[in-house]
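Trainee: One structure coming up, written as structure tokens, with questions to follow.
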Ligand code: FES
């Protein structure tokens, strides 16, 4: 038997805009401990390894931050707090049901364009 794949990857945006930059940021002094909180919550549940938290750079949805992306499923959660992370782990990651009320607004996260379709659009 081989090494099992993770069941889920959770990508947590860890970009902080430098002071004075107009761009909003997912990581502020108030939210900078959310990745650590996520990792600890996964550990406390005993599911680390089959659930893999990953720090990422900006995922281009800063204005809805703090955000995190759950794969598989392309589920983007917005406006994160510690309480929301707890519910996402309980209800989505363990329970199997997306927490719809925390999902990013559809206009911010519309259906993907396939790479083949994009190449065509670009005339390539
Ligand atoms: S800094 Fe998180 S989406 Fe840009």
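Trainee: When the chain is fully extended, how far beyond the present Cα-Cα distance does residue 44 get from residue 101, taking 0.36 nm per residue of separation?
Mentor: That works out to 18.1 nm of additional length.
Trainee: With a 10 Å cut-off between alpha carbons and a GNM built on the chain, which of 78, 112, 41 moves the most?
Mentor: Top of the fluctuation ranking is 112.
Trainee: Compute a Gaussian network model of the chain, connecting alpha carbons closer than 10 Å, and tell me which residue from 13, 26, 58 fluctuates the most.
Mentor: Looking only at 13, 26, 58, the biggest GNM fluctuation is shown by 58.
Trainee: Let me ask something else. Could you put 25, 57 in order, starting from the residue whose Cβ has the fewest other Cβ atoms within 10 Å?
Mentor: Working: 25 19, 57 10.
Neighbour counts put them in this order, fewest first: 57, 25.
Trainee: Next question. Any chance you could check the Cα centroid distance between the stretch 30-77 and the stretch 87-108 for me, in angstrom?
Mentor: Cα centroid of the stretch 30-77 versus Cα centroid of the stretch 87-108: 12 Å apart.
Trainee: Shifting gears a bit: Among DSSP beta bridges whose residues both lie in the chain, state the antiparallel percentage, nearest 5.
Mentor: The antiparallel fraction comes to roughly 55 percent.
Trainee: A follow-up question, please. Picking from 66, 29, 53, which is most flexible by a Gaussian network model of the chain using Cα springs under 10 Å?
Mentor: The residue that fluctuates most here is 29.
Trainee: For the residue pair residue 28 and residue 57, what label-to-label distance in nm results when each label sits 7 Å from Cα along the Cα-to-beta-carbon direction?
Mentor: The modelled label-to-label distance comes out at 2.4 nm.
Trainee: Any idea what the relative contact order of the stretch 57-111 is, in percent, if you count C-alpha pairs under 8 Å spaced at least 6 apart?
Mentor: The value is 29 percent.
Trainee: How large are Rg and Dmax for the chain when calculated on the C-alpha trace, in angstrom?
Mentor: Both quantities, over Cα of the chain: 15.9, 53 Å.
Trainee: For a quick check: sort 101, 91, 14 by the number of other beta carbons within 10 angstrom, fewest at the front.
Mentor: Ascending Cβ contact count within 10 Å gives the list 101, 91, 14.
Trainee: Between residue 108 and residue 36, what FRET efficiency comes out of the Förster formula 1/(1 + (r/R0)^6) with R0 = 30 Å and r the beta carbon distance, rounded to 0.05?
Mentor: FRET efficiency, residue 36 to residue 108: 0.70.
Readers should treat all values here as calculations from the given coordinates under stated rules, not as data from a laboratory. Being a predicted model, the structure only gives us computed values, none of them experimental. As a convention, Cβ positions derive from the backbone with ideal geometry for all residues, glycine included, and neighbour counts pool all protein chains shown.
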